[in-house]
Amino acid sequence: MPNFKQLQKINRIEDDRFLRGNAVFSADISIANQLHAAMLRSNHAHAVIKRINCKKAESMPGVMGVFIDSHLEQDNLRPLPCSAAMDPASNLIIPPRRALARDKVRHVGDIIALVVAETYLIARDAADQIEVDLEPLEAVTNPYAALDESAPRIWPEAPGNLAFSFQAGNSEATRVSFDNAHHEVKLNLINNRVCAVPIEPRAGIGEYSAASGRYTLTFTGQGLHNIKAELAHVFGLPLNRFHLKAPDVGGGFGLKNFVYPEWVLLLWASKKLGRPIKWVAERGEEFAAAAHGRDMRVSAKLALDKNGIFLALDADIISNMGAYLSSVAPNIPTKSAPTAMGGIYRVPNIFMNVRGVFTNTAPVDAYRGAGKPEANFLMERIVEVAARQLKIDPVALRKRNAINSFPYHSALGMTIDGGRFGANIEEAEKRIDRASFTERRANSESRGKLRGLGFACFLETARSIPEEGAEVRFKNTEKIELRVGTESHGQGHETTYAQIAGSFLELPVKTFSYIQADTDETLMGHGHGGARSMHMGGSAVIKTLEKVLDTARTLAADLLQSAPQKLVYSNGQFICSNTQASVTLFDVARQAREDDPEGLGLDTFAKVEDVPFTFPNGCHVAEIEIDPDTGQIDLLRYVSAEDYGTILNLKLTIAQVSGGIAQGIGQAISELAAYDHSSGQLITGSLMDYQLLKADNLPPLEINLEDGHPTAANPLGVKGAGQAGAIAAPQTIINAILDALSPLGIEHLDMPATSESIWRAIRTAQ
């Protein structure tokens, strides 16, 4: 396998166009003769649609069409699918989520009507002229309240607003462990609802070709082949009738992985009106109607023996699904979270009981980590509580219970092949200089401040769908195209895949170009989710290149009149060990193309299947100071020790981890998608209300990528770094805050731990 050490610090290839303003995003694209769309959205969380009068809007100059659900019904469009695969015992209920609301609206932001006009401003003004008679109904936004018998029923087919129930683990063995335990620690917590807020909002252009009968969607997408399949389901048409492509994408974090009503409407209306239709979301629409993340309530208990060894974990989870079941949303608490439940620790018995609940809120779906952050947050918070209740040093308790023998078979069926679990804790402890923390705390106290140190570990389970494909195409210009089914939205795939291929074929990185996010140009693909791109996509690239060299070696042997085993491949050429005669890989490719009746030559596709999980892991530490008079948090240091297996590109890995940490800290101290419980109104519907982390909230992040344990799950030895920071940071920050507040007897705060909530907790404690 190639050595990537010499390429670890290469700059991103794509930065040249990003920094020069030459990137092309969906909103930058216009098609000749295009129209523009605007959505009329519900301002009620729950209401009966009594009447819709579109006449005023339809009569406005420049308006080309106004559409409501009855128009879609005439064309037999199906509801948007929920593709979650769950155990039948879960009693999964999937109500119809239509592109336009039928009979009722069920959350603020639900789309009632589509307006298409010559300009966006005309379309938006026309939407304001639509008269809608809504009969308000009682709304419920809190999942606990939604389960109450007296709560309004959101869907008639879902009694008690229960979308599904799910169990994992051995309930009897877990019960016995608790019966025999010396200590039992309990914790109730909330994993707060958040919005992804990528810098680029959703946008797209829908186009229908009457000549070919094909629909083309150019949009802010991730996981295009999966979205294509979902669109084909909605329209009831074969896959080949759809062409999806994405230009540069300005962040996604899971938000752009799914089919949305807007994509259906753009394509359908384009056929109806015979012109392309463009839509760019306003930021308020994104807060109200794009998929939210997290929103999980947990009641948990941890059993320990007399020496503080973990015996069992029991978790009762309420997951707020919103008004509809989005694409893979039910899988987050039921399939994803269990893979990381227990974290880096030996927990012999685990039992989970999960209930998914409908509420009058925007649907949730995968958000950076998707279930793994929630599982790790629970584990690290209850470990911290256990340490304090049992008066055991929190770091010592973690070391005592960390997995130290591999492979380790978890209570919920995961086989962990390796990791620096204990070593990461020790390294983080050293780098933060824990030994002198008492002195630093005393210094803060002398200035009237509260100082805290928070440790937390994480275990990521990276992979997502265990299948991916890659294709290699040789060009006549001595360039090679890499066509991969994963899709970048800022991670640097153009660079890293070129590094992989360049190292494998011993060719310059500039030899390669990267083709992605186009369902006509890539044969298959499952997108980026689950920190899978290098694990899955990189594996597919390696497998494809191995096939290329195997084929090329045979052809080169013919050209050199030598036995294949006599050839040595080096620096892009085959050399005969006997005669030193040589032929380049590109010469072989040209000859192969000439000899191939189909003209394919060395062009090769391969896919990997049934690939196991990888397990990125680490320990993070935050040191903070709190002003007790204001509750203001000052994050002084943030240190990590992490194991991602083989590091392909040091700069890009650190960048990925840094971004994740920032998002995780934001969830911990500022971000909350909040609804008014009485009306169901979203009260954080803009960047004036939704508090994103700011640059001056962060110190320099001290990220230490230790020599890890390369995984055997893929030929590169990589483990995946895209989600790790967001998984680790929330519990690290909350543990630090509570450590600072511990002298006041404050033992619990839910996220976000804002300055106000900290100030109130201090006032109450006093």
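A compact table of results
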| item | result |
| --- | --- |
| ³J(HN,Hα) computed for each position of the stretch 752-759 - Karplus, 6.51 cos²θ - 1.76 cosθ + 1.60, integer Hz, glycine/proline x | x, 7, 6, 4, 5, 5, 5, 4 |
| Loop-located GluC sites (Glu not before Pro) in the stretch 149-230, at most 13 other Cβ atoms within 10 Å (DSSP) | Glu149, Glu157 |
| Reachable aspartates and glutamates from Lys104, criterion Cα separation under 17 angstrom, eight or more residues apart if same chain | Asp69, Glu73, Glu131, Asp133, Glu135, Glu138, Glu157 |
| Hz values of 3J(HN,Hα) by residue in the stretch 473-487 - Karplus curve (6.51, -1.76, 1.60), Gly and Pro given as x | 10, 8, 9, 5, 8, 6, 10, 10, 8, 10, 10, 10, x, 7, 9 |
| Additional length obtainable on full extension of the chain from Leu121 to Ile515, 0.36 nm per residue less Cα span | 138.3 nm |
| For the chain: Kirkwood Rh in Å [reciprocal of mean 1/r, alpha carbons] | 27.6 Å |
| Trypsin sites (Lys or Arg not before Pro), loop per DSSP, at most 11 other Cβ atoms within 10 Å - longest free stretch of the chain | 21-305 |
| Rounded to whole Hz, the Karplus (6.51, -1.76, 1.60) HN-Hα couplings of the stretch 235-246, x for glycine and proline | 7, x, 10, x, 4, 5, 8, 10, 10, 10, 8, 10 |
| Set of lysines near Lys391 by C-alpha distance (under 19 Å), chain-local residues within fewer than 8 positions excluded | Lys186, Lys301, Lys306, Lys399 |
| At q = 0.14, 0.17 Å⁻¹, base-10 log of I(q)/I(0) for the stretch 464-609 (Debye sum, equal scatterers on each alpha carbon) | -0.65, -0.90 |
| Cut-off 10 Å between beta-carbons: net charge of the residues surrounding Ala323, Lys and Arg +1, Asp and Glu -1 | +2 |
| Under 5 Å, built H, 5+ apart or other chain: amide partners of Asp248 | Val24 |
| For the chain, size of Cβ-based charge dipole, Lys and Arg +1, Asp and Glu -1, in debye | 220 debye |
| The chain: relative contact order as a whole-number percent, Cα under 8 Å and 6+ apart | 15 percent |
| Partners for Lys430 among aspartates and glutamates (Cα-Cα distance below 19 Å; same-chain residues under 8 apart left out) | Asp393, Glu439, Glu623, Glu642, Asp643, Glu702, Glu706, Asp707, Asp739 |
| Amide H contacts under 5 Å for Arg97, placed H, 5+ residues apart | Leu80 |
| Residues whose placed amide H lies under 5 Å from that of Ala456, excluding near-sequence neighbours | His620 |
| Antiparallel content of DSSP bridges confined to the stretch 464-609, in %, to 5 | 80 percent |
| Relative contact order (%) - the stretch 464-609, alpha-carbon pairs under 8 angstrom, separation at least six | 30 percent |
| Computed over the stretch 598-676: relative contact order in percent, which uses C-alpha pairs under 8 Å that are six or more apart | 21 percent |
| Extension reserve of the Ser577-Glu478 stretch, reckoned as 0.36 nm per residue once the Cα distance is removed | 33.1 nm |
| Cα-based Lys proximity count in the stretch 464-609, under 24 Å, for pairs eight or more positions apart or on separate chains | 14 |
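Readers should treat all values here as calculations from the given coordinates under stated rules, not as data from a laboratory. Since this is a predicted model, take the numbers as computed values, not measurements. As a convention, Cβ positions derive from the backbone with ideal geometry for all residues, glycine included, and neighbour counts pool all protein chains shown.
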